[in-house]
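S.K.: Structure below; questions to follow.
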């Protein structure tokens, strides 16, 4: 923690210049940078579900400002845990709701005006899931059928609608794309829209489906590649952001490297937009691709990153909607179908890659996991381009998908500077470079919140851990303002003493809604089963220092 504080200001200035240059070069001239706040995150409270670790006991957390409770989606125990935070320095579990009668696992929770909505996946994940709605007394007031594998749930800002992103994954890891164990079942992805205008007991339920896109040309950047799958089956909704006026949903389709635009009132998918690819050969867009290079070597390489965004949040700037996306990366890796391959196993086109032998060395690109579903542009059996998984960054886009900012390689630059002996480690080991050949820090969770009139973006790193904070008040020129990591990097690695591992769900609590009058951030860690409450402290504007 102390080392983080000492380095933060110096590194922030370096990265701000680096990123502003990257934004100007890649995406057009950036606006002048905003005057950033001097923000620090201080952990003040911690709750844990206890051992065993690594069983997803704390996945998503949401706050009820009236009851001053956190509601925690506990997938391990198929329940909702209720945590009192009247004293945020001493969070206490005060209740739980057993949700096993409604399905096999809990994935997400949302809270609005006293209603608690929980997404529950069916015991057979290809069956329709359920949304269980509870009142503040934790009584079930309705159970609503939704699509297969509801993975994310949210209320619209006006509280009228509840939306779920129904991922619709195939039936088992063993027979996807294979007839070995009988016919594969691959449900269609969808977005369920629950209209509460007629009351929570009698809602109207509609489904925004993708069937209209089955036989029409798509943006070529959208990945449709599941074995024998229609477009509707192949698209897998992941996260949802809602426009400020509650009319439009923006849904990430992670494996497909795309997003869907949904008209909420009519439950219609109006557009599918490919997210494009990141050029890792450009300055400021490097990465460390090897776990056998003996150090932390972030450099440019002749390959493309597939953004594959996970969580997404929306905000307004000068009357327009912008989207913050965490570019985690995800693949289909099933015994019946596996898209993953190491660069060393690719046949590279000798004209495009005359130095293929050098690139394939284990201390260069050879160990990097990439997809074999892209890159053979001319169909001759060798690869004319290399596509890695995830962007190792966060991106700000317009509502139509145009990139206005990408953080480039700042996540790796920052963690390499702060934790050189643990750079790109996993959440189950402190060994350096453990994730360099995969997806690096894996940014996943996102939260947005206003502090002292500035809009802050909080992003969690699933692997090395920690929360990074940006001032995104001007989406064209964000500023890095803090990074905090509450895991223990001591060796040998021990789950019992490792601290907080695998941040998944982030929840911003405004000063007005906070139990102590200070803005807070609640972070659920799926691997350690813990929730950390950070207090967000503002010291001064830089201009005032």
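S.K.: Can you name every residue in the range 447-506 that is farther than 21 Å from residue 314 by Cα, surrounded by fewer than 20 Cβ atoms within 10 Å (Cβ to Cβ) and touching a strand residue (DSSP E or B) at 6+ places or on another chain (Cβ under 7 Å)?
M.R.: 488, 499 - these are the residues of the range 447-506 that are farther than 21 Å from residue 314 by Cα, surrounded by fewer than 20 Cβ atoms within 10 Å (Cβ to Cβ) and touching a strand residue (DSSP E or B) at 6+ places or on another chain (Cβ under 7 Å).
S.K.: Sticking with this structure for a sec: Can you name the number of the only condition in (1) within 21 Å of the chain's Cα centre (by Cα); (2) under 28 Å from residue 207 (Cβ atoms); (3) touching a residue at least 60 places away in the same chain (Cβ under 8 Å) that residue 76 fails?
M.R.: It is condition (2) that residue 76 fails.
S.K.: Take the residues in the range 424-434 that are surrounded by fewer than 24 Cβ atoms within 10 Å (Cβ to Cβ) and at negative phi; name whichever of them is nearest to the chain's Cα centre (by Cα). Break it down stepwise before answering.
M.R.: Kept after step one, since they are surrounded by fewer than 24 Cβ atoms within 10 Å (Cβ to Cβ), are these residues of the range 424-434: 426, 428-434.
Remaining after also requiring at negative phi: 426, 428-432, 434.
On the way: 426: 16, 428: 19, 429: 21, 430: 22, 431: 23, 432: 23, 434: 20 Å.
Once the filter is applied, the top-ranked residue is 426.
S.K.: If you take the residues in the range 49-66 that are at pLDDT below 85 and under 19 Å from the mean Cα position of the chain (by Cα), which one is nearest to residue 522 (Cα to Cα)?
M.R.: 56
S.K.: Residue 123 versus (1) within 26 Å of the chain's Cα centre (by Cα); (2) in a loop (DSSP other than H, G, I, E, B); (3) in contact (Cβ under 8 Å) with a residue 40 or more places away in the chain: which is the lone unmet condition?
M.R.: (3)
S.K.: So which of 365, 414 is assigned to a helix (DSSP H, G or I), touching a helix residue (DSSP H, G or I) at 6+ places or on another chain (Cβ under 9 Å) and within 22 Å of residue 432 (Cβ to Cβ)?
M.R.: On the way: 365 fails: assigned to a helix (DSSP H, G or I).
It is 414.
S.K.: Also, I was wondering about something else. Suppose we filter 409, 433, 384, 376 for residues that are within 22 Å of residue 222 (Cα to Cα) and in contact (Cβ under 8 Å) with a residue 12 or more places away in the chain; which single one remains?
M.R.: Criteria check complete, one pass: 384.
S.K.: With the checklist (1) out of contact with any strand residue (DSSP E or B) (no Cβ under 9 Å at 6 or more places or on another chain); (2) assigned to a loop (DSSP other than H, G, I, E, B); (3) exposed (fewer than 14 other Cβ atoms within 10 Å of the Cβ) in hand, flag the one item residue 400 doesn't pass.
M.R.: Condition (1) is where residue 400 drops out.
S.K.: Out of 149, 134, 138, I need the residue that is at positive phi, free of Cβ contacts under 8 Å to residues at least 60 places away in the same chain and surrounded by 18 or more Cβ atoms within 10 Å (Cβ to Cβ). Which one?
M.R.: 149
S.K.: Let me ask something else about it. Can you work out which of the residues in the range 143-176 that are closer than 21 Å to residue 333 by Cβ and touching a helix residue (DSSP H, G or I) at 6+ places or on another chain (Cβ under 9 Å) is modelled with the highest pLDDT?
M.R.: Applying the filter and picking the extreme gives 168.
S.K.: Checking residue 360 against (1) closer than 30 Å to residue 259 by Cα; (2) more than 25 Å from the chain's Cα centre (by Cα), which single condition isn't satisfied?
M.R.: (1)
S.K.: Kindly check whether there is at least one residue in the range 276-292 that is more than 21 Å from the chain's Cα centre (by Cα) and assigned to a strand (DSSP E or B).
M.R.: No, every residue in the range 276-292 fails to be more than 21 Å from the chain's Cα centre (by Cα) and assigned to a strand (DSSP E or B).
S.K.: Moving to a separate point now. Anything in the range 230-249 that is assigned to a loop (DSSP other than H, G, I, E, B) and surrounded by fewer than 21 Cβ atoms within 10 Å (Cβ to Cβ)? List them, or say none.
M.R.: Answer for the range 230-249, where residues must be assigned to a loop (DSSP other than H, G, I, E, B) and surrounded by fewer than 21 Cβ atoms within 10 Å (Cβ to Cβ): 230, 243, 244, 245, 246, 247.
The values are calculated or read from the model by the stated rules, or taken from the named source; none is laboratory data. Just so we're clear, the structure is a prediction, and the values are computed from it rather than from any experiment. So basically every Cβ, Gly included, is an ideal-geometry build from the backbone, and we count neighbours across all protein chains shown.
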